[in-house]
Amino acid sequence: MAEPAKRIEDAGLDEGAAKLTPEKIEKVINGVLAAEGGARLKVYVDTCVHCGLCSDACHYYLSHDKDPTYSPVGKVKQTLWPILKNKGRVSPEFIKKASEIASTECNLCRRCVHYCPMGVDIAYLMVMVRRICHRLGVTPLYIQDTAHSHSATMNQMWVKEDEWIDSLQWQEDEARDEIPTLRIPLEKEGADVMYSIIGPEPKFRAQLIYQAAVIMDLAGVDWTMPASTGWDNSDMCMFTGEFEMMGRLKRDHFEAAQRLKVKKIVMGECGHAYRSVYDVGNRWLGWKWPPVPVIHAAQFFYELLRDGKIKVAKKFDEVVTIQDPCNIVRGMGLHEKVRYVVKAFCKDVVEMEPNRDHNFCCCAGGGVINCGPPWKMKRMHGNRVKAEQLAATGVKTVISPCHNCHGGIEDIIHHYKLGMHLKFLGDIIYDCMEKPGAV
Amino acid sequence: MHGLYNFVRGPLAWVAFILFIGGSLYRLISMYKLARKKDVFVFEYTTLYFALRSILHWIIPFGNINSRNRPIFTIVTFAFHICLLAVPIFLLAHIILWDESFNINWWSLPDGVADIMALIVVAGCGYFLWRRLTQPEAKFVTSAGDYVILAIVAAPFITGFLAYHQWLGYKFWLILHILSGEIWLAAIPFTRLSHMLFFPLNRAYIGSEFGAVRHVRDY
Amino acid sequence: MRKRTLALNIGMGILVSILAFVLIPAYSQEDIVTLEDDAFGDRQRPAAVFAHEEHNEKAEIEECNVCHHLYQHGEKVEDESSESMGCADCHNVKEGYPTMPLMKAYHDMCQGCHKEKGEGPITCGECHPRGEPVASHETAH
């Protein structure tokens, strides 16, 4: 079985746990449970009949040859049950293990919700464990560093304001070589659309900004990007359980849109950010729905194509498959819209089985890839089923409108030597759309 | 013998029903209050349409992906739960007791059918026991309490079956039957058997989260 | 309306009892060992065991109308008895109004007394035992 033979060192977990005392653990746990453990926690834990039917949902479980310690309920058993049963009297070692399980063995992909007869949201329970571990200061180092970046800079990648603006201008310059009239409108009050992206785009995937600018420009969208904070819609704090910071991030993002008086926010091709803005962060702030309408790039592209704002010039000359990002399929049901766009631009699609809202997670989401290199092999071993799924399609190109999926699937492709590569919807559209003003 | 029978048939039955109904109300009301206080959006997002969509997909056999993937389990669990609910409610002997005590009666199952259904419940318990003992995904999360609950559920049906057939020690089995039935009823609100109360509510909520908020299936 | 029905019932009862007396004198109380009432169609359980003479001796019942009661206008007529009638003459199998349904009448009659006296069977299987088929001629009407 796939239990790693060597213990994985992670300063965030090891040093965090070393500072704990049983008294502190008990106090913090009971504080969190008293303040935040509501009816859902109680009902979920009380009505789980321990049937194990959720197991087949989980890629970790399936990839580890049905090792029950990786089943969704198995992870709850190893984390939350003892915490509740012992009323918080657990050891620092236990907290370290619980943090590892909740942070690196669950992607919060919510596939198990489709499998649980009782409708238990196990992702919610895992987040509760992460929340407790966060409050105890036992969170994997890399993702904690990202959360620190959020706190210090309001973006995920320690990008400073001048660097942000400079990156946009750089991409604008590049794009003007292709479309001389193109602008990336900064801080344009009253635009229709605020386009927000995640920190890694200006940091090391700047060509995505270029492509988005070309699509926006050619589609004739009245758009803008904020010049100061609020441009980054990503949110690792949601995944570490640092909800207070998550709230600050989401408020900053919404307020940027409100400051710019836009009609809606269009988010780049990122799954977790969409979950954070549309589903989680707004609730923390007390908004039933986002105060400014929010749509994901996949939906935006679908609408542009449907309304004839962008047109297909040529078909992408390869058969492709689609990696459905959990956070926009189980999080928003965008799977058919993604296919609408892909089928318009590509020769043919070979589906993975299962697909759409029953897809398997990429194993990178839920902050797991953000736990960094120490935990990479967990993702590789934990998603053999995805490698098998990908190999079975026999295609060379995977399209996925999600940064996490890209990171996760790329690693899987390399590890299992699948010889495939990934594309965003934006990549395909940029390549294959009509470009009237281009030189 | 009148004394013991009258005791389990009379005062103890009242205790069981009060614990069952009162306990259920207590659990539901206290959970409602807690949700109002701490999980307000449960009420905000829950809609009738998606609540029903979810519940229906999970109470109709093969209505969801997991039940299609596990046909044997699905058949067993549906047969088990249908019989589990129908036999106590529609058993002629039970209805006669209702009629004697409260002057109310309703349609009853033929005794022969009810007999087979009771066996199905016991067989279902046997299947679940087998799963807990042998299937790693169930075994790993099984604790002593799960066996106790299986026993609590199986006992009224085993004893009822034995009492009905009167092979040996009729009155002994009858009294044990009543007693175990009362334990079962009283246990519902306070054990995992409370999934009977919370299943529809849980589904209504999660079905609405998936349907109304996330525009996707939960089945 | 109700009065006329009652009168009719009583009339019918008398007629039936005369007929019974004339036509089937071979049946006597000693023969009654179960309460297999033909008014019930299909039975879910074997007919209740009831040895008439033995029971009355044990229970020290002298008067017929302790069990064979007669009701008029919803009230028990103290001096009258109804042993000449079948229980089903007044107690229908299905409808409960104005009299008790037949099965309930039997249950109530037997158990009511047993509970009151604290003696005699009061559980299902004690009166409806399995595996002892009773020959059909040894039955009550």
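The 3J(HN,Hα) values that the Karplus relation (6.51, -1.76, 1.60; θ = phi - 60°) gives for region A:187-196 are, in residue order, 6, 8, 5, x, 5, 6, 10, 9, 9, 10 Hz. Gly and Pro appear as x. In chain A, taking the dipole from charged Cβ atoms about the Cα centre, the farthest positive-side position among A:428, A:149, A:12 is held by A:12.
If r is the Cβ-Cβ distance from residue A:7 to residue B:106 and R0 is 60 Å, what FRET efficiency results, to the nearest 0.05?
That gives a FRET efficiency of 0.40.
For chain A, the longest principal axis of the Cα atoms and the long axis of helix A:403-415 meet at an angle of about 80 degrees.
Mind checking the dipole of region A:291-428: about its Cα centre, +1 per Lys or Arg Cβ, -1 per Asp or Glu Cβ, Debye to the nearest 20?
Rounded to the nearest 20 debye, it is 140 debye.
Within a straight-line Cα-Cα reach of under 17 Å, residue A:261 can be paired with the following lysines, leaving aside sequence neighbours fewer than 8 residues apart in one chain: A:188, A:250. Once the Cα atoms are used to define both axes, helix B:11-38 deviates from the longest principal axis of chain B by about 10 degrees. Applying 0.36 nm per residue to the separation of residue A:65 and residue A:21 and subtracting their alpha-carbon distance, the gain on full extension is 12.2 nm.
Within the shell of other residues whose beta carbon sits under 13 angstrom from the beta carbon of residue A:234, the net charge comes to -1, with Lys and Arg scored +1 and Asp and Glu -1. For peptide B:138-145, the mean count of partner chain Cβ atoms within 10 Å of a residue's Cβ comes to 6. Near residue A:30, once Lys and Arg are set to +1 and Asp and Glu to -1 for all other residues with Cβ below 10 Å from its Cβ, the sum equals +2. Here's how it looks for residue B:91: its modeled amide H is under 5 Å from those of B:109, which are all 5 or more places away or on a different chain. For residue A:346, nonlocal amide neighbours, meaning residues 5 or more places apart or on other chains whose placed amide H falls under 5 Å from its own, are A:316. Amide H contacts of residue C:71 (H built 1.01 Å from N, in plane; Pro and chain starts excluded): C:77 sit under 5 Å, all sequence-distant by 5 or more or on other chains. The charge dipole of the protein assembly as shown, taken about the Cα centre with unit charges on the Cβ atoms of Lys, Arg (+1) and Asp, Glu (-1), comes to about 2900 debye, rounded to the nearest 20. Take each residue of peptide B:105-115, count the partner chain Cβ atoms within 10 Å of its Cβ, and average: the result is 1.
With respect to chain B, whose longest principal axis is taken over its alpha-carbon atoms, helix B:92-102 is tilted by about 90°.
Percent of alpha carbon pairs in region A:11-139 separated by more than 20 Å? So the pairs more than 20 Å apart make up 41 percent of the total in region A:11-139.
Rounded to the nearest 20 Debye, what is the dipole magnitude of chain A about its Cα centre when Lys and Arg each give +1 and Asp and Glu each give -1 at the C-beta? Mind dumping the intermediate values first?
On the way: 56 positive and 56 negative charges, 288 e Å.
Its charge dipole is roughly 1380 debye.
For residue B:37, the shell of other residues with beta-carbons less than 13 Å away shows a net charge of +3, using +1 for Lys and Arg and -1 for Asp and Glu. Modelled this way, with points 7 Å down the Cα-to-C-beta line, the labels at residue A:312 and residue A:36 are 4.6 nm from one another. When you work out D = kT/(6 pi eta Rh) for region A:88-153 at 20 °C and 1.002 mPa s, using the Kirkwood radius from C-alpha pairs as Rh and the Stokes-Einstein form, the result is 165 µm²/s.
None of the figures in this text is laboratory data; all of them are computed from the coordinates on show. Since we're looking at a predicted model, the values are computed, not measured. Note that each Cβ is placed from the backbone with ideal geometry, even for glycine, and that neighbours are counted across all protein chains shown.
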